[in-house]
1. Tally time: how many residues in the stretch A:137-176 are in contact with a Lys or Arg (Cβ under 8 Å, 6 or more places away or on another chain), in a strand (DSSP E or B), of a type outside the set (Phe, Trp, Tyr) and free of Cβ contacts under 8 Å to residues at least 60 places away in the same chain?
2. On the given criteria, is A:GLU158 over 17 Å from A:CYS86 (Cα atoms) and within 14 Å of chain B (Cβ to nearest Cβ)?
3. On the basis of being among the basic types (Lys, Arg), more than 12 Å from chain A (Cβ to nearest Cβ) and either part of a helix (DSSP H, G or I) or out of contact with any helix residue (DSSP H, G or I) (no Cβ under 8 Å at 6 or more places or on another chain) (or both), does B:ARG30 make the cut?
4. Condition first: part of a helix (DSSP H, G or I) and either within 13 Å of chain B (Cβ to nearest Cβ) or under 22 Å from A:ILE180 (Cβ atoms) (or both). Now tell me which residues in the stretch A:73-97 satisfy that.
5. Considering the stretch A:177-188 alone, what residues qualify as being assigned to a loop (DSSP other than H, G, I, E, B) and either out of contact with any Gly (no Cβ under 8 Å at 6 or more places or on another chain) or surrounded by 23 or more Cβ atoms within 10 Å (Cβ to Cβ) (or both)?
6. For the stretch A:28-37, state whether one or more residues are out of contact with any Ser or Thr (no Cβ under 9 Å at 6 or more places or on another chain) and either free of Cβ contacts under 8 Å to residues at least 12 places away in the same chain or within 18 Å of A:LEU125 (Cβ to Cβ) (or both).
7. Considering A:ILE24, A:ILE46, which residue is crowded, with 18+ Cβ neighbours inside 10 Å, touching a Gly at 6+ places or on another chain (Cβ under 8 Å) and not in a loop (DSSP other than H, G, I, E, B)?
8. So, A:THR124, is that one within 14 Å of chain B (Cβ to nearest Cβ) and either within 20 Å of A:ASN12 (Cβ to Cβ) or β-branched (Val, Ile, Thr) (or both) or not?
Amino acid sequence: MTTAIIQFPGSNRDRDMIAAVTSISGQAPSLVWHTETALPSCDLIILPGGFSYGDYLRAGAIAARSPIMDAVRNTAARGTPVLGVCNGFQILTESGLLPGSLMRNATLNFVCKSVKLSVANASTLFSSHYNQDQVIPCPVAHHDGNYFADGETLARLEGDCRVVFRYADGTNPNGSINDIAGVLNESGNVLGMMPHPENLIEDAHGGDEGRALFTSIYASLADKAA
Amino acid sequence: MGGMTEFVLPPKTFSTAFMGPNKGMIFNARIVVTLKNGVLDPQGKAIEGSLDALGFDGISSVRQGKVFEVELDASSKAAAEKQCTAMSEKLLANGVIEDFAVEIG
């Protein structure tokens with residue numbers, strides 16, 4: 001299974017993502033610079049974390065308008081899974097691939113710690129290796145992770161079970177509405193999440209609960225290919 | 001005792017339109033982006049708290065926004081306004097959480 005990781009000026013979790021993808025899929029990902037206009041042939045696209053363009057204007061706003069994003073949008077429309085983590089999630093909302101917006105944390109503080117995540121929908125291609133309502137630890141590190149969507153959008157997201165991860169046990173670190181930590185697009189092939197599963201894939205990280213997210217994706221891709 | 005140094009503000013530049021090199025006129029636009037009503041603004045709240053601590057009475061709300069000053073070349077004021085509206089919709093404002101207003105000088 002081949003993975004493309006998009007790199008923007010200011011991406012800084014791309015190396016963590018490369019390590020996670022290489023370890024879990026057994027294949028090194030292709031790295032794609034944001035000025036490219038085409039993607040290599042790939043089964044999965046990942047937008048990693050960081051601070052693209054120094055979060056100028058709004059987090060993810062400028063990266064979302066970079067040349068490669070048209071290719072990401074077109075490939076996503078054909079059903080290829082897209083995962084955006086942290087700044088990647090911000091870029092996906094700014095590019096219109098996911099609804100809502102990520103605002104400044106309600107506390108105004110940058111948060112860097114472990115939170116609890118509840119798997120609110122374990123029937124997605126990104127979460128099938130978790131159990132429904134399973135609670136896992138996961139690190140977060142962000143300043144703009146306060147998810148907001150208007151009432152109508154929120155009702156649709158909740159009604160269609162498109163909230164995949166929720167902050168659990170009172171650990172919402174940013175004021176996100178409905179404790180939302182990760183949401184899916186309507187077709188179910190684009191997931192954005194603020195926490196960093198790629199930073200929880202081996203014992204040296206303090207746990208490997210993030211692996212199941214990646215194994216879910218690669219298993220789903222293998223099923224589809226079979 | 002030198003007395004007070006007079007601080008002179010630069011003149012406002014966006015009242016004059018003059019001929020530009022390409023389409024006709026250079027306009028100075030001001031685009032103000034604000035959070036929509038109902039969207040929580042923790043930064044505005046923090047500023048409000050700080051103003052209160054400084055002893056400013058009677059403030060019932062502070063909302064933080066952004067101002068963009070854009071110099072652009074357009075064939076008319078209406079064309080400049082149309083351009084600024086398009087750039088606000090495409091980039092300067094996020095329609096999920098923000099409103100914008102365009103002023104052309």
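Values quoted throughout were computed directly from the atomic coordinates according to the rules given, and no laboratory measurement underlies them. Quick caveat, the model's predicted, so the values are computed rather than measured. As a convention, Cβ positions derive from the backbone with ideal geometry for all residues, glycine included, and neighbour counts pool all protein chains shown.
1. 2
2. no
3. yes
4. Those that are part of a helix (DSSP H, G or I) and either within 13 Å of chain B (Cβ to nearest Cβ) or under 22 Å from A:ILE180 (Cβ atoms) (or both): A:ALA76, A:ASN87, A:GLY88, A:PHE89, A:GLN90, A:ILE91, A:LEU92, A:THR93, A:GLU94.
5. A:ASN185, A:GLU186, A:GLY188
6. no
7. After ruling out the rest, the residue left standing is A:ILE46.
8. No, not satisfied.
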